[in-house]
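Worksheet for the structure shown next.
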Amino acid sequence: MLLSLFLIVGTCLAQSCWRGAQCNGPLSPAFPGPWESNMFAPRSRTIQPRDVLTLLKGEHLAKYDHERYFTLDNTTTALVFDFGIEVGGLVSVDYTLTGSATRLGLAFTEAKNHIGTESDSSRGGSGIDGAVFGELKATASGRYTMPREKLRGGFRYLTLFLDSHAPDTVLSVDKITLELSFQPTWSNLQAYQGYFDSSDELLNKIWYAGAWTLQSNSISGDSGMRTPSPASLDGWDNIEVISSADTVLVDGAKRDRFIWNGDMGTAVPSVFVSTGDLESARNSLEVIYGNQAENGQFPKAGPPNAILRSDTYHLWHLVGTYNYLLYWGDTAFVAKYWPHFTKGLNRTLSLLSSNGIVNVTGDQDWGRFTYGTERASASMLLYRALTGAASIASWLPNAQDAKELKMYYLAQASKLQEAIITNLWDEEKGAFANSPGSGLYPQDANSLALAYEIVDATSAKAARISDYLASNWTPIGPSCPELPGNVSPFISSIELDGHFRAGRSDRALQLIKDLWGWYLTHENGTQSTTPEGFNVDGSWEYRRQRGYTKGEVYLSHSHGWSSGPTSTLTEHMLGLRVTKPAGAEWVLKPASISEVLDRLEGGFVTPKGKFSAKIKRSSKGIVRVEWDTPRGTRGLVDLPGERSFWVRGGKGRRVFRHK
C-alpha cells in the first residue's frame, strides 16, 4: 500500500502543525474506509526516505533503514535518498564524522532524471538553485538542519554529497528526517473531508494524486518564493511574506509559491471534494481583493507579483469567488467583498468591443501565445463571471441593488452569449475561433464553451466541439493549439469538465487515463502528483518557447491547476455536486453506468454536513444507487435512463435495471 512508503516517526496524535501555525484543521477523516490506502499523505509530519540510490545512474542501492548508517567518503562522495513521493520542508541529517572537517551538500529535485549535486530550478532570474551546504567540524557527531529560509518547497529526491573533504574524511549518515511543511494548519494530513473510490484502481490513484498535489500547494503565508536580488545570484529563499495568514493556496510546491488567480479555477473545486481545506482558498482570495486597483482591475497574482496585466486572470478571480461561496456558503465573506466584485465585473464589461465580445488589454494569460485581442477565452470567462454574479446576487438578498443586479447580469450574459456565437463560431470547423476571422481554434476557449455552457450541453454544437477537442489528442494528452507542442493539464482539466457535460464520459475517462495516468506511472515523475505541463514528445520541456528558458529543470511537478480529475470524477462521473451554497440544493447525476466502471462512490463535507453517494452495477445490469445528504437540504436525482425526481435530504436509494 502507498502508506508503506514511509517509516513513520511518532503518530498523528502526537503531531503538531507547521512551525508557528495555529492548528485548526480536522482531526480525523470524514469518511474512513479502505480507500484511505490510496492516500499519498503520510500519517506523520516527520518522515524519512524510502530508498537509497546511486548518483551516477539513479540505480537502487538499498532500502532506507534508520537503524543502518550510510557512508560518504573518498570513494562514495554522494548518495541519493528517494522519499517515494513529492515532499517538501526542512531536512535534518544526523551524522558522525571522523577525520578532517568537511562541507555537506544537499541538492533537491522532483524528477529522477535530474538528480545531481545541483538542485532543479525553483525560481526566476538567471541564477541557478545550486545546493545548500552545512559546515561540519572534524571528528564530531551532531545534527545538521537546513536554515528556515532554505526550505525546499517540493522534491522527491535528495542528494547528499561531500563538497570538500580530505582523504581521511568519513561521514556516517546516521539518520535523515524531513519536517513536512505542507498544509501547515493541519495536525493530521490524512484527515480528508472528501473521498472517492471505484472499481478502477488507476482512477482512484489519480484522484488522490490531485488531492496530495493540493496539500503540497497549501503553504504558510510567510514561505513564498523570494527571487534573489540581483536575480543573477545563485540559491533560493522561501521566506517571502505573501499573506499574513497561516495558510494560503498557491500555484505549486516547488515554484512559484505565489497566489495565482487562474490556478484556483481548477484547484478550488478539487480542494472542496478532497481535503475540504477551503480556508487556504479563502485566504488567497482575500489577498487578491486587497490588491485591487482603483479602476477595478484585479492583479494576476498576489504580492510580490501583483501585476495588472491579465484580463483573463482577473476574471478567474471572480469565478473563484463564486466557487468559494457555492461550496462553503460563506455569505459574510462574499458580502464583504461584493462591492469589489461588482467593480471588477464592471471593469471587464467596459472592455466589450463593438462586436460585443471582450477586447483584451492585458498582455498576459496562463502561458499560451496570446495572439488577438478579441479573445474567445476571455469572453467565455466573462460569461461565467456574469452568470455566477447573478447567482451570488440571488444568494445575497440584502446586498445593495441585489435584485436589479441579478437581472442586469443575466441580460448581459445573454447578449454576450449571442455575440460569442455570432462572431466566433465556425460552422465548418465545428469549433470556436480564437478571435473573429482567426484560423486558430484554441483548446482553452472550446473547453470553456462546454464547461460553462456557452452552448447547450445536448446541442449539436456541443457534440461537434467535443469531437474537435478530441481531434487534438496524442497518446499522452491534447496537443494545445495555442501553445504548440505542449500538453496543458490545466486546460485539459477544463476539457474534462466539457466532455462530461457534453455527455461524453467515455472521452473524459480516456483522457484522464491517457494524460494523468501516463504521468502518474512515469519512472521519472513524482508518481504522486499532477504536473504543470509537459511536451507532446513526453519530455519536461514545457513552455520552452514561451518564457521557460531554463528548460526541463524549471517545470513544476506538483501544480494544483492540473488537478481536474479529482473534482470531475466526483462532480461528474459520480455526479454528486452542490448547486446552491453549501449544498442547500444538490444534484446526483451520474455520467454513465457501465460494465467498465461498475462501482463508484464518493463524498464531501460542507458546513451543512456530509454528502455521499454510491453506485453499483451487477453483472445482470441491476443498478443500486444510494445517497446520504444532510437534513434540511433538497436534491435532484437524475439517473441514466430514468426520470429525474426531487428528494429531501437524508438517506435514499433507487434500484433499477440499466439497459
Top-ranked residue in the stretch 608-633 [being exposed (fewer than 15 other Cβ atoms within 10 Å of the Cβ) and of a type in the set (D, E, K, R); ranked as farthest from residue 328 (Cα to Cα)]: 620
Residue 73 among the acidic types (Asp, Glu) and over 25 Å from residue 183 (Cα atoms): yes
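Each row is one residue, and each column tells you yes or no for (1) touching a Phe, Trp or Tyr at 6+ places or on another chain (Cβ under 9 Å); (2) under 30 Å from residue 439 (Cβ atoms).
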{"residue": "296", "(1), (2)": "no, no"}
{"residue": "352", "(1), (2)": "no, yes"}
{"residue": "375", "(1), (2)": "no, yes"}
{"residue": "385", "(1), (2)": "yes, yes"}
Yes/no for residue 321 being surrounded by fewer than 24 Cβ atoms within 10 Å (Cβ to Cβ) and on the phi < 0 side of the Ramachandran plot: no
Strands (runs of 3 or more DSSP E) (entirely within the stretch 98-201) containing at least 1 residues that are modelled with pLDDT of 95 or more, in the same structural domain as residue 44 (by TED's automatic domain parsing) and in contact with a Gly (Cβ under 9 Å, 6 or more places away or on another chain): 102-109, 132-136, 140-145, 152-164, 170-180
Any hit, the stretch 277-300, residues being touching a Ser or Thr at 6+ places or on another chain (Cβ under 7 Å), in a loop (DSSP other than H, G, I, E, B) and in contact (Cβ under 8 Å) with a residue 12 or more places away in the chain: yes
Flag for residue 152 being under 20 Å from the mean Cα position of the chain (by Cα) and not hydrophobic (A, V, I, L, M, F, W, C): yes
Residue within the stretch 440-461 that is within 20 Å of residue 536 (Cβ to Cβ), in contact (Cβ under 8 Å) with a residue 24 or more places away in the chain, in a loop (DSSP other than H, G, I, E, B) and touching a Lys or Arg at 6+ places or on another chain (Cβ under 8 Å) present: yes
Within the stretch 634-659, tally of residues that are assigned to a loop (DSSP other than H, G, I, E, B) and surrounded by 12 or more Cβ atoms within 10 Å (Cβ to Cβ): 7
Residues being touching an Asp or Glu at 6+ places or on another chain (Cβ under 6 Å) and either touching a residue at least 40 places away in the same chain (Cβ under 8 Å) or closer than 17 Å to residue 503 by Cβ (or both) - total across the stretch 626-659: 2
Unmet requirement for residue 6, which otherwise passes all of (1) out of contact with any Pro (no Cβ under 7 Å at 6 or more places or on another chain); (2) at pLDDT below 95: (1)
Test: residue in the stretch 216-235 that is in a loop (DSSP other than H, G, I, E, B), surrounded by 24 or more Cβ atoms within 10 Å (Cβ to Cβ) and touching a helix residue (DSSP H, G or I) at 6+ places or on another chain (Cβ under 6 Å): yes
Scan of the stretch 598-633 for residues that are out of contact with any strand residue (DSSP E or B) (no Cβ under 9 Å at 6 or more places or on another chain) and either in a strand (DSSP E or B) or of a type in the set (Gly, Ala, Ser) (or both), ordered by number: 609, 619
Qualifying residue in the stretch 422-444 (condition: of a type in the set (D, E, K, R) and under 30 Å from residue 583 (Cβ atoms)): yes
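Yes/no matrix, rows are residues, columns are (1) in contact with a Cys (Cβ under 7 Å, 6 or more places away or on another chain); (2) without any contact (Cβ under 8 Å) to a residue 60 or more places away in the chain; (3) of a type in the set (Val, Ile, Thr):
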| site | (1), (2), (3) |
| --- | --- |
| 373 | no, no, yes |
| 376 | no, no, no |
| 386 | no, yes, no |
| 394 | no, yes, no |
| 401 | no, yes, no |
Boolean, residue 591 is surrounded by 14 or more Cβ atoms within 10 Å (Cβ to Cβ), among the hydrophobic types (A, V, I, L, M, F, W, C) and modelled with pLDDT under 95: yes
Pair list, Cβ < 7 Å and 6+ apart or interchain, from the stretch 599-611 residues that are more than 23 Å from residue 621 (Cβ to Cβ) to residues that are in a strand (DSSP E or B) and of a type in the set (Ser, Thr, Tyr): 603/195; 603/612
Residue check, residue 272 within 24 Å of residue 322 (Cα to Cα), surrounded by fewer than 24 Cβ atoms within 10 Å (Cβ to Cβ) and within 16 Å of the chain's Cα centre (by Cα): no
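The values are calculated or read from the model by the stated rules, or taken from the named source; none is laboratory data. All figures in this text were calculated on a predicted structure; none of them were measured in a lab. Positions of Cβ are generated from backbone atoms using ideal geometry, with glycine treated the same way; all protein chains shown enter the neighbour counts.
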